[in-house]
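As C-alpha cells, the structure follows; a few thoughts come after it.
The values are calculated or read from the model by the stated rules, or taken from the named source; none is laboratory data. Since this is a predicted model, take the numbers as computed values, not measurements. Neighbour counts run over all protein chains shown; Cβ positions are idealised from the backbone, glycine included. The protein model used for the area step is the full one, side chains on, heavy atoms only, and it has no ligands, DNA or RNA in it. Shrake-Rupley method; radii C 1.70, N 1.55, O 1.52, S 1.80 Å.
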Amino acid sequence: MEFAAAPVYEVWPGDGGLSLKPYQAAVRAARETVEVVRAFDPDVVVADILTVAAALAAEMEGRAWATLIPHILPTAEPGFPPYSIGARLPRTSVGAALWRSMDPIVRRGVELGRDQLNEARRRVGLAQLPWVHGGISRELAIVATFPQLEYPRARWDPHARVTGPLMWEQPFGDVELPPGDDPLVLVAPSTSQDPEQRMLEATLSGLADELVRVLATYNRRPPPRPLPVPPNARVVEWVSYTRTMPLCAAVVCHAGHGTLMRALSSGVPVVACPAAGDMAENAARVSWAGVGVSLPRRLVSARGVRLAVRRVLGDSRFASRAGELARWSAENDGAEAAADAVEEFAASRAGVGRE
C-alpha cells in the first residue's frame, strides 16, 4: 500500500486568508489529483462521497470509479423525511403524504447541487450530468452502515451495496474504570462538535445521583471550564471504544456515525444527542430501529440525559435490539464485504477500454 497527500484548500472563511467555494476547491484539487491517479495507474478509484475532486480526477483520467459512503445512504424516496433534519420515517400514509408535499423543495436543493457539480465538471472538461447526486458512482456505491438502520425502499439502486460498517480505531490501552458493580455508562463526545462540551457536562451532572458508573472522555478537547466530577464518575482524556464499549450498558454520544457503529457493533444501546451534520439523521435511525433514544439538542440538559439513560437502562428491548445488530456484525464483516465489492467491480471492468 502506498500513500500520497491529498490537496487541501480552505473552503470556509478563515482568519483573513483566501477561501474558496467547495466546488471551486474541487476543481483545483481535481487538477492536482489527476497527477496522482496517472502516476499510480489504478484499475479502479474508490473515492469518499465528500471527496468530489478524486471522483472528478478519476473521470478525467478515464478510470472506473466507485464511491464509499461511510454513513447512511443520503438519497431519499418519495415519502421519506428530508435527510439530516432528524425526522423519523412516517408511520402513517398521512405522514408520508406530508413529507411528499416537501419533495419539490428538496428537489430544488439537489438540483442546485447538480448544477454546481456540473459547473465544476465543465471547468475540468467533463460532460454534464442530467441526474442528481452525481457525486455518487452509478457503478458501485459502498454504503458502510448497518442495513437495520436503512429505511425500507421500494427499489434499491443496483449499484448500491450496504456492506456493514467500516471501522478503525487508533490503538490505545485500557483505562481505569469507576469502581463498583453498577451499570457502566460511557460518555463519548464528538471530536469535532460541541466545543463547550455541553453534553459531557450535562451527563456528569444528570447521572451524579444515579445507580450507575460513568466513564467519560473529552477526546483530547479539554472543556473550557472545570467540570464537576461526581464520585460515581471518572473523566479521562481518551479511551479505546473497542476495549470499553463491550463492558457498557449504555453509551451517551453525539451520534457521529463512527461512534454509533462501534457502540452497536458492541451490542450497546445509545442515547443519541445530535449536534450537527448527519448526527440528527443518525439519531432518528437509532430511534426508528429501536437501538436507543434520540435526545434533541434543546433537551440535552442534566434532567434530559438522566431521563433518557433511565429509559434505555429500564427497557430491555433496547439492549436486545442492539445485541441483534452486534450478532449481525459478528457474522458479516463490513470490511470484507466492501473489499469483495471492489474486487468484483474491478474484475467486471477488466479489459474495458478507457475513454
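Note down all Cβ pairs under 7 Å where the first residue falls in segment 325-338 and is in contact (Cβ under 8 Å) with a residue 60 or more places away in the chain and farther than 13 Å from VAL291 by Cβ, the second is open to solvent by less than 60 Å² (accessible area, probe 1.4 Å) and hydrophobic (A, V, I, L, M, F, W, C), and they're at least six residues apart or on different chains.
Close Cβ pairs satisfying both conditions: GLY334/ALA144; ALA338/ILE142; ALA338/ALA144.
Which of the residues belonging to segment 50-67 are in contact with a Leu (Cβ under 8 Å, 6 or more places away or on another chain) and either at pLDDT below 95 or over 13 Å from ALA26 (Cβ atoms) (or both)? Please lay out each step first, then the result.
Looking only at segment 50-67, we keep the residues that are in contact with a Leu (Cβ under 8 Å, 6 or more places away or on another chain), and these are 52, 56, 59-60, 66-67.
Across segment 50-67, the qualifying residues are VAL52, ALA66, THR67.
Does ALA272 satisfy being open to solvent by less than 30 Å² (accessible area, probe 1.4 Å), touching a Cys at 6+ places or on another chain (Cβ under 8 Å) and farther than 16 Å from GLN148 by Cα?
Numbers: open to solvent by less than 30 Å² (accessible area, probe 1.4 Å): yes; touching a Cys at 6+ places or on another chain (Cβ under 8 Å): yes; farther than 16 Å from GLN148 by Cα: yes.
For ALA272, the condition - open to solvent by less than 30 Å² (accessible area, probe 1.4 Å), touching a Cys at 6+ places or on another chain (Cβ under 8 Å) and farther than 16 Å from GLN148 by Cα - is met.
Which condition number does ASN332 fail, the rest of (1) under 23 Å from ALA216 (Cβ atoms); (2) more than 16 Å from the chain's Cα centre (by Cα); (3) of a type outside the set (Asp, Glu) being met?
It is condition (1) that ASN332 fails.
For every residue, the table says whether it meets (1) touching a residue at least 60 places away in the same chain (Cβ under 8 Å); (2) open to solvent by less than 60 Å² (accessible area, probe 1.4 Å).
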residue	(1), (2)
GLY180	no, yes
VAL185	yes, yes
SER190	yes, yes
ALA202	yes, yes
GLU210	yes, yes
ARG225	no, no
PRO228	no, no
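Determine whether VAL175 is crowded, with 21+ Cβ neighbours inside 10 Å and either without any contact (Cβ under 8 Å) to a residue 60 or more places away in the chain or among the aliphatic types (A, V, I, L, M) (or both). Spell out the reasoning first.
Working: crowded, with 21+ Cβ neighbours inside 10 Å: no; either without any contact (Cβ under 8 Å) to a residue 60 or more places away in the chain or among the aliphatic types (A, V, I, L, M) (or both): yes.
Answer is no for this residue.
Provide a single number: the residues in segment 140-159 that are small (Gly, Ala, Ser), open to solvent by less than 10 Å² (accessible area, probe 1.4 Å) and part of a loop (DSSP other than H, G, I, E, B). Lay out the reasoning, then the answer.
Initial filter on segment 140-159 (small (Gly, Ala, Ser)): 141, 144, 154.
Still in the running and open to solvent by less than 10 Å² (accessible area, probe 1.4 Å): 141, 144.
Going one step further and asking which of them are part of a loop (DSSP other than H, G, I, E, B), we end up with 144.
Result for segment 140-159: 1.
In this structure, is GLY277 open to solvent by 70 Å² or more (accessible area, probe 1.4 Å) and modelled with pLDDT under 95?
On the way: open to solvent by 70 Å² or more (accessible area, probe 1.4 Å): no; modelled with pLDDT under 95: yes.
No: the conditions fail for GLY277.
Scan segment 48-67 residue by residue and report those that are buried (at least 21 other Cβ atoms within 10 Å of the Cβ) and aliphatic (A, V, I, L, M).
Once the filter is applied, which keeps residues that are buried (at least 21 other Cβ atoms within 10 Å of the Cβ) and aliphatic (A, V, I, L, M), segment 48-67 yields VAL52, ALA53, ALA54, ALA55, LEU56, ALA57, ALA58, ALA64, ALA66.
Restricting to segment 182-197, give me the number of residues that are under 26 Å from ALA319 (Cα atoms) and either modelled with pLDDT of 95 or more or in contact with a Phe, Trp or Tyr (Cβ under 9 Å, 6 or more places away or on another chain) (or both).
Taking segment 182-197 as the starting set, the residues that turn out to be under 26 Å from ALA319 (Cα atoms) are 182-191.
Subset that is either modelled with pLDDT of 95 or more or in contact with a Phe, Trp or Tyr (Cβ under 9 Å, 6 or more places away or on another chain) (or both): 182-189.
Qualifying residue count, segment 182-197: 8.
A quick yes/no check of all residues on (1) at pLDDT 95 or above; (2) out of contact with any Asp or Glu (no Cβ under 8 Å at 6 or more places or on another chain); (3) closer than 18 Å to SER190 by Cα:
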residue: ASN232; (1), (2), (3): yes, no, no
residue: ARG262; (1), (2), (3): yes, no, yes
residue: VAL291; (1), (2), (3): yes, yes, no
residue: VAL305; (1), (2), (3): yes, yes, yes
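Restricting to segment 103-137, count the residues that are assigned to a loop (DSSP other than H, G, I, E, B) and either under 24 Å from ASN282 (Cα atoms) or open to solvent by less than 50 Å² (accessible area, probe 1.4 Å) (or both). Explain how you work it out, then say what you get.
Within segment 103-137, the subset assigned to a loop (DSSP other than H, G, I, E, B) is 124-137.
If we keep only those that are either under 24 Å from ASN282 (Cα atoms) or open to solvent by less than 50 Å² (accessible area, probe 1.4 Å) (or both) as well, we get 124, 126, 129, 132-137.
Number of matching residues: 9.
Could you check segment 32-62 and list, in sequence order, the residues that are under 13 Å from LEU126 (Cβ atoms) and touching a residue at least 24 places away in the same chain (Cβ under 8 Å)? Spell out how you get there, then give the answer.
Step one: filter segment 32-62 for residues under 13 Å from LEU126 (Cβ atoms), giving 34, 52-53, 55-62.
Those that are under 13 Å from LEU126 (Cβ atoms) and touching a residue at least 24 places away in the same chain (Cβ under 8 Å): VAL34, VAL52, ALA53, ALA55, LEU56, ALA57, GLU59, MET60, GLU61, GLY62.
Can you tell me how many residues within segment 303-355 are assigned to a helix (DSSP H, G or I), of a type outside the set (S, T, N, Q) and under 30 Å from SER137 (Cα atoms)? Even if it seems obvious, please write down each step before you answer.
Filtering segment 303-355 for residues assigned to a helix (DSSP H, G or I) gives 303-314, 316-331, 334-349.
Among the residues that remain, those that are also of a type outside the set (S, T, N, Q) are: 303-314, 317-319, 321-328, 330-331, 334-347, 349.
Still in the list and also under 30 Å from SER137 (Cα atoms): 325-326, 328, 330-331, 334-347, 349.
Residues in segment 303-355 being assigned to a helix (DSSP H, G or I), of a type outside the set (S, T, N, Q) and under 30 Å from SER137 (Cα atoms): 20 in total.
Quick one: ILE85 ticks every box in (1) under 25 Å from ALA346 (Cβ atoms); (2) open to solvent by 20 Å² or more (accessible area, probe 1.4 Å); (3) touching a helix residue (DSSP H, G or I) at 6+ places or on another chain (Cβ under 8 Å); (4) of a type in the set (A, V, I, L, M) except a single one, so which number is it?
(1)
With respect to ALA263, determine if the residue is farther than 20 Å from ASP209 by Cβ and open to solvent by 10 Å² or more (accessible area, probe 1.4 Å).
no
I'd like the full set of residues that are exposed (fewer than 15 other Cβ atoms within 10 Å of the Cβ) and either touching a His at 6+ places or on another chain (Cβ under 6 Å) or in a loop (DSSP other than H, G, I, E, B) (or both), limited to segment 89-102.
ARG91, THR92, SER101, MET102
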